[in-house]
Each structure stands twice: as structure tokens, then as C-alpha cells.
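Q: I have a structure I would like to understand better, so I am pasting it below and will then ask my questions one at a time.
The values are calculated or read from the model by the stated rules, or taken from the named source; none is laboratory data. A quick note: this is a predicted structure, and the numbers were derived from the prediction, not measured. No Cβ is skipped: glycine too gets one built from the backbone with ideal geometry, and neighbour counts run over all protein chains shown.
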Amino acid sequence: MPPHLDELEKIYLWGLQVYGEKPGDYQAGVAGFGPEGDQEGWADFLAKARVVFEGYGNTPIVHWHHYERVKVDLYLSRYGDVDGIGQRVRRNLVDLLPITQRAIALPLSSYSLKAVERYVGFKRSQTEYGGDWAMAKYIEATETGDREARAEIMGEILTYNREDLAATWAVLDWLKARSR
């Protein structure tokens, strides 16, 4: 792999979607495929997060497990935060996993998002998906010179991410329904 792709800490996709009373469209800050792609993806994500904050105020950013917090911290230190949007994202992160674990005992061997989403009835459109799958597909996209093939692969990854966000919302919605 080219040196700019040989980075285990590279985030190639930052997905956002607003749910609730005033839902928004799925948005993704996607890293480019060149040497500056990583920083471009971070900048794209921050620009999209700014638009969300402008349209929805100081909204929580719900995610599953600690991964997002760790990666936001990494990127804040790696590329900075000229206008404070990254820090605002960081402050607004809400990890749904520990909330779920404290709220209800589920008859599952794991509290992974994939296990919990199935339990609450969320259905995905893809038969293959997952974090490892998405990373392998991204590597496949970087290694192809065929623009159409790359776009198709990235479309699959974006679908996976969009459905991850929808699954997280489905779990949150399910939990809220049980607390009434």
C-alpha cells in the first residue's frame, strides 16, 4: 500500500444523521484517496457537523461504545480544531452502550450494536457488513484504479454506515419507549 494509506489510525468515514422530530439526511465526511485524504475527511466531517449544530443547536451526538470519542480525540490532536466544532462534537458525544447496559438486562451474549439491534427488531439491507468488512472494502477501494468500481464499493460502505446510524437510533427509540 502507498505510505499515505499505511495508517492504522486513519478514519475514512465520519457519518452523521439527525433523527427525531426534525430528521435530516444522512451525511458522510469521507476521506479522499490521496496523501491529504485523511485531513480532508476530518475537515469535511467538521463542516457537516457545523451545519448540524447551526440547524439543530447543541444536539447530542449519539454513538455506540467508546470508539467515536477515542477517534475524535485523536483527530483533534492530529489536525486541530480551528473554530471549535471538533470540541463541540466531543462535548456532545453520548455513548448509548453504557446507557443501554444500565437501563435493561437483555438475554444476549453480547451488547454489541449488531446483537442489540437484532433484538429490538432492526433489519439491515445488506447481507455482509461490519467494521472489519468495511475496512476490507475500503482497502479494496483504495487498491482499484477503476473509478466505477471504487464508487460502488464506497456506496456499499456508506450504506453500512447509514444503517449503523439508523440501528443506533432504533435502539435509542426502543429504550425510550420502554421508559414511558
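Q: Could you tell me which residue of segment 41-55 is farthest from Tyr19 (Cα to Cα), considering only residues that are crowded, with 19+ Cβ neighbours inside 10 Å and touching a helix residue (DSSP H, G or I) at 6+ places or on another chain (Cβ under 8 Å)?
A: Ranking the qualifying residues of segment 41-55, first place goes to Trp42.
Q: Right, something else. Checking Gly131 against (1) at pLDDT below 95; (2) over 29 Å from Gln39 (Cβ atoms); (3) not acidic (Asp, Glu), which single condition isn't satisfied?
A: (2)
Q: While we're on this one: Only one of (1) of a type outside the set (A, V, I, L, M, F, W, C); (2) surrounded by fewer than 17 Cβ atoms within 10 Å (Cβ to Cβ); (3) assigned to a helix (DSSP H, G or I); (4) touching a helix residue (DSSP H, G or I) at 6+ places or on another chain (Cβ under 8 Å) fails for Asp38. Which number is that?
A: (2)
Q: To continue, here is another question. Among the residues in segment 140-152, are any under 30 Å from Tyr56 (Cβ atoms) and in contact with a Phe, Trp or Tyr (Cβ under 8 Å, 6 or more places away or on another chain)?
A: no
Q: Any residue in segment 18-29 that is surrounded by fewer than 17 Cβ atoms within 10 Å (Cβ to Cβ), under 30 Å from Glu143 (Cα atoms) and free of Cβ contacts under 8 Å to residues at least 12 places away in the same chain?
A: yes
Q: Given the criterion in contact with a Lys or Arg (Cβ under 7 Å, 6 or more places away or on another chain), closer than 30 Å to Arg178 by Cβ and of a type in the set (A, V, I, L, M, F, W, C), identify the matching residue among Phe53, Phe122.
A: When all the criteria are applied, what remains is Phe53.
Q: Shifting gears a bit: Does segment 107-130 contain at least one residue that is over 25 Å from Leu93 (Cα atoms), among the hydrophobic types (A, V, I, L, M, F, W, C) and free of Cβ contacts under 8 Å to residues at least 60 places away in the same chain?
A: For segment 107-130, residues over 25 Å from Leu93 (Cα atoms), among the hydrophobic types (A, V, I, L, M, F, W, C) and free of Cβ contacts under 8 Å to residues at least 60 places away in the same chain: present.
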